[in-house]
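The values are calculated or read from the model by the stated rules, or taken from the named source; none is laboratory data. Computed from a prediction, not measured in an experiment: that's the story for all the values here. Please note: Cβ atoms are built from the backbone with ideal geometry, for glycine as well, and neighbour counts cover all protein chains shown. Only protein heavy atoms, including side chains, enter the accessible area calculation; ligands, DNA and RNA are left aside. Shrake-Rupley method; radii C 1.70, N 1.55, O 1.52, S 1.80 Å.
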Amino acid sequence: MMTRFILILSTCIVLAVPLLFPATNSPAATERPPAPVTITLQWLPQSQFAGYYVALDKGFYRKRGLEVKIRHAGPEQDSLASLVDGSADFATTFLTPALRRRDSRLPLINIAQIVHRSTTMLIARKQSGISSIMDLNGKRISLWKGDLGVPFQAVLTSHEITPSRIFDQNYSVNLFLLGGVDACSAMYYNEYNMLYQTGLNEGDLVTFPLRDYGADIPEDGIYCLESTWNNRPQQCRAFRQATLEGWRYALAHPEEALHSVMKRVFDAHLPTNRSHMRWMLEKILPAIIPGTGDSWQAGVLSPDDYAKAVELMKRQGIIHRAPSYESFHPTGGSHVP
Amino acid sequence: MFRNLRIGPRLVLLTLLGGSLVVGTITGFCYFFGSRQIEQDMREKAISVALGTASQIEVVQRGVEKVLSGCAARIQDSAASPERVATILQDTVAKNPEIFGAAFAYASDGSRQHAPYVYRSGAHLLRKDLATDNYHYDVWDWYTLPRDLQRPVWSEPYFDKGGGGTLMVTYSAPLYQAEGSGRKLLGVVTCNVSLNWLTTLLKSIRFGETGYAFLVSKNGAYICHPRQDYVVKETLFSAAEEAGRPELRTIGRRMTAGETGFIPLRNLVSNAPSHLAFAPVPATGWSVSVVVSDAELLAPVVSLSRSVAAVGAAGFGILLLITLFIARTITRPVRLLDEATATLALGDLDAPLPNIPGNDEIAHLAESFSRMRIELKRSMAELQRTTAAKQKIESELEIARSIQMSLVPRTFPAFPDRPEFDLYAELHPARAIGGDFYDFFMLDQNRICIAIGDVSDKGVPAALFMAVVRTFLKAIWRDEESPAKTLRRLNDELAEDNATCMFVTLFCAVLDLRNGSMRYACGGHNLPYILGRDGTVRCIKRLQGVTVGAMEGMIFAEGEERMVPGEVFFLYTDGISEAMNQAEELFGEERLKDALQCFAGEASVSDLVEDVRNRVESFTDGAEQSDDLTMVAFRYLGLPER
């Protein structure tokens, strides 16, 4: 009885305060100091992350009460490791490694799917006589190791292609350029243009985008630990919304976004250039913000894509179990704006 | 188009056009051939610099390759003891200043990694193991490329963090150990070389003020370039794309393909028109380029062309001054002449003409003008004189005419009291007085004398001569009473002392009014006609007789004729028969006879004469006659019935 009374009373007070002080209508968020949040992006600064930079530079995080710090992982560091050691609240990674780590009992939650379509492809020189994917049979190819190589392996298996030898591909396409392999793995937005920037023309190359061969696996997503999601769901949602706003802004203002990217590229002394970053931005944006013909929603991992990825990973024997769509991607079904 | 211009401006304009054409052509030729020659020279020079630089780089790189292969051989011999390997690496780095550091990475089986590395730090050599928890070399090109390609590899240049941010390039070679029938990878031996020396070398290559050299890797990445922000980050192709210059991509492909060339382009530093020479570095597949600004390349030609143009322009200026001077020397006298002739035209022939010295056309023209003026003056004077003379002549003619007219009887009817005959005479003097005359007088109560003559000369002398002839004739006739004798004596009188050699044609007749008998003599005159009453016309008989007064002692015959009453005796001078029309046809005796024939019957003699004159005048139709028209018509009527 007493408890009920107090509850009613307190409710009355809460409701009365705005009535008593109508002038002070500032949002509660700005009254509180912004919450410090750290995100680890899975690779070195480049246009792949333009939306995050724009959201930070344009104050989209701040206006949602987040003081975001962006860190970059790289060849020597895994982005998910920063979640494990607690040095970051959020981290980006591809869907495949996320599923694998979830399988090995790291409680990852996808709070936003950023890159919805596969941008990966196999590239060969036309000169080598390769014109269809079946021509890769008996050829030397280089594939990325680990999680990134999973969809490639899946395509090779499903097409019953047996290369003469598979080389490990790491961070460069030099083995391909030096003629060590006939075909190599590539992201359309990255390696493909790197080859173009070494003087190879579009007509010199033949490409096999994996999405055309039954392996259209979504790529970048934003992940956090289950505990973070459970304890600070509002922060997670705010981060998700701000990041998507950043990407939308980048789509509308590509040169401004490019400026945000190049500033970080320059600070990091990376051996890349503006025209490459422009290409990367142009090519990755259509996989992030849906166009008129796309059925998916920005930020939402489609249940179908999720199911396909799980099925493919299981088929490849990489994972044995997967969480339900709702528990893996709780923001998906809730249709949070 | 130049017709409307005055001579001066026309000359200047034409000189300007011609001169500009010549100067322009010469300058153009100079520039064209000069620039072609220079371009040719520069092509060879630039290519040789590029090739020279390429071979310098090549020498260093081949040196490094040799050092590393020596090092690798020693590592192979050392049975791969890590301690021994480190010593060999230290030895290698110490002895080869171009090598910044050297490492040997043991073939990795995935878990265990070990790579002793010796590198410079200031004056010291330090050692460390490249493999750490965070650094697994088996994912990096320097290790994987020689392993996978099974051959030594020069890496793409990179900025090395460990090396203090210096631009480095790595050379790595796989090292094998025989194992059974095949071989087993022992490890990869590698060394990194600072490219500072290369940057210095390329910076030292200068072509003029703005020329520069640059170096690109096999992948087209800039290794050395005056734009430091390009190095490592940009490739030939990204820069081409960023600059929006697709042609640079084509050039870039030629460079990375190891070609040698010399081509024109706008450079990426100043965007100025330039030429680019490129040559490959075979050891690494790099390409050295030398860029020369066209402005500097062609500076000597431009300067030469400028000098040529300047000299040409100066010459041209002088030419223009000369032309102006020439134009002035022509136009000034012409203008003076023009003004002077304007004065002349007004009639002032005494106005002085400008004095134009020299022997050219203008001077000749002035001289001609001067002569013309003198001639004009002379002609004017002449004209005045002749006008005066003409006036004098006119007055003389007037005198002569009045003499002539006063000498012939002009009162008609001349003998109103004589019914036996009717007589009418007419003399129309020509403008120049022909010297015609006629006369008639009663010799006695029954005889009438009729004479007609034509003095050979004209004018006053003729008139005077006529007067003389008439006086003589009248006087002599009264003495002699015979026409022939009269003519004979008249001839002798006139021929004597005839200094002027004048003579006269003369016809004279004496007619007895009582019976109509007539005696006559003719001195070279036209024979008169007799018109019968029935309209017949007959000529009287021709007699001997020449012109009177020409020569002494001439004999004249005398004829006789009888007229019946009603007949008309018609005398005339050659002014009638030889009257000439515009077509220079003579009136002639036939026409005269026709005229006379129409006049038979009772018509008066004055009508007859008037009719003949009318006919003559209508025939001549206004053509001026040179001779007098003289006619005498005499109708014999016979004695009246008593």
Estimated vicinal HN-Hα couplings, Hz - region B:66-73 in sequence order (Karplus 6.51, -1.76, 1.60; Gly, Pro = x): 5, 4, 5, 5, x, 4, 4, 4
Gyration tensor (alpha-carbon) shape descriptor, region B:486-622, a/c threshold 1.5: oblate
Tail fraction, Cα-Cα pairs, region B:78-194, threshold 23 Å, whole percent: 25
When region B:146-257 is reduced to its Cα atoms, the Kirkwood hydrodynamic radius in Å: 16.2
Calculated over chain B: convex hull of Cα atoms, volume per residue (Å³): 351
Built amide H within the under 5 Å cut-off of B:A213, gap 5+: B:V291
Inter-centroid distance (Cα atoms) of region B:328-366 relative to region B:582-642, Å: 63
Cα pair distances exceeding 37 angstrom across chain A, given as percent: 24
Distance between modelled label sites at A:K308 and A:A252, nm, 7 Å Cα→Cβ extension: 3.1
Backbone HN-Hα couplings from phi across region B:605-618 [Karplus 6.51/-1.76/1.60, Hz, Gly and Pro as x]: 5, 5, 5, 4, 4, 5, 5, 4, 4, 4, 4, 4, 5, 5
Percent of Cα-Cα distances greater than 49 Å, calculated over the protein assembly as shown: 60
Within 10 Å of each Cβ in A:269-279, the average number of Cβ atoms from other chains: 6
Fluctuation leader among A:F239, A:F152, A:F90 - chain A, Gaussian network, Cα springs under 10 angstrom: A:F152
Nitroxide proxy distance, nm - points 7 Å out along Cα→Cβ at B:A475 and B:M405: 2.8
Rough spin-label spacing in nm, given labels placed 7 Å along Cα→Cβ, for B:R328 and B:E585: 7.2
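Give the average, rounded to an integer, of partner chain Cβ atoms located within 10 angstrom of each Cβ in A:76-86.
Rounded to a whole number, the mean comes out at 1.
Mean residue ellipticity at 222 nm from the helices of the protein assembly as shown, using -39,500 (n - 2.57) per DSSP H segment of n ≥ 4 over the full residue count, to the nearest 500 deg cm²/dmol?
-14000 deg cm²/dmol
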Computed accessible area, B:S155, all protein chains, 1.4 angstrom probe, square angstrom: 20
B:R62-B:A314 FRET efficiency (beta carbon distance; Förster radius 45 Å; 0.05 resolution): 0.15
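Multiplying the sequence separation of B:L527 and B:E610 by 0.36 nm and subtracting their Cα-Cα distance, what value in nm do you get?
Full extension from B:L527 to B:E610 adds 27.9 nm.
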Candidates per GluC sites (Glu not before Pro) in region B:1-104, loop by DSSP, up to 15 other Cβ within 10 Å: B:E98
Inter-chain Cβ neighbour average for residues A:173-180, partner chain, 10 Å: 5
Gyration tensor (alpha-carbon) shape descriptor, region A:120-213, a/c threshold 1.5: rounded
Farthest positive-ward along the protein assembly as shown dipole, Cα basis, beta-carbon charges - from A:V84, B:C598, B:V139: A:V84
Förster radius 30 Å - calculated FRET efficiency between B:E83 and B:T166, Cβ distance, rounded to 0.05: 0.55
HN-Hα J in Hz across region B:320-333 - Karplus 6.51, -1.76, 1.60, θ = phi - 60°, x for Gly and Pro: 5, 4, 4, 4, 4, 4, 4, 4, 5, 4, 7, 6, 5, x
Shape of region B:408-636, Cα gyration tensor, a/c cut at 1.5: oblate
Flagged links, alpha-carbon separation over 27 Å, of A:K63/A:K263; A:K58/A:K308; A:K314/B:K184: A:K58/A:K308; A:K314/B:K184
Average Cα contact separation per residue, chain A, under 8 Å, 6 or more apart, as relative contact order %: 27
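If I compute solvent accessible area with a 1.4 Å probe over the protein chains, what percent of it on the protein assembly as shown is carbon and sulfur? Write down the numbers at each step before the final one.
Details: 26020 of 46820 Å².
Using a 1.4 Å probe with all protein chains present, the protein assembly as shown comes out at 56 percent carbon and sulfur.
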Percentage relative contact order, region A:120-213, counting C-alpha pairs under 8 Å, at least six apart: 48
Packing-based order for A:319-328, B:559-568, A:54-63, using average beta carbon neighbours within 10 Å, highest first: A:54-63, B:559-568, A:319-328
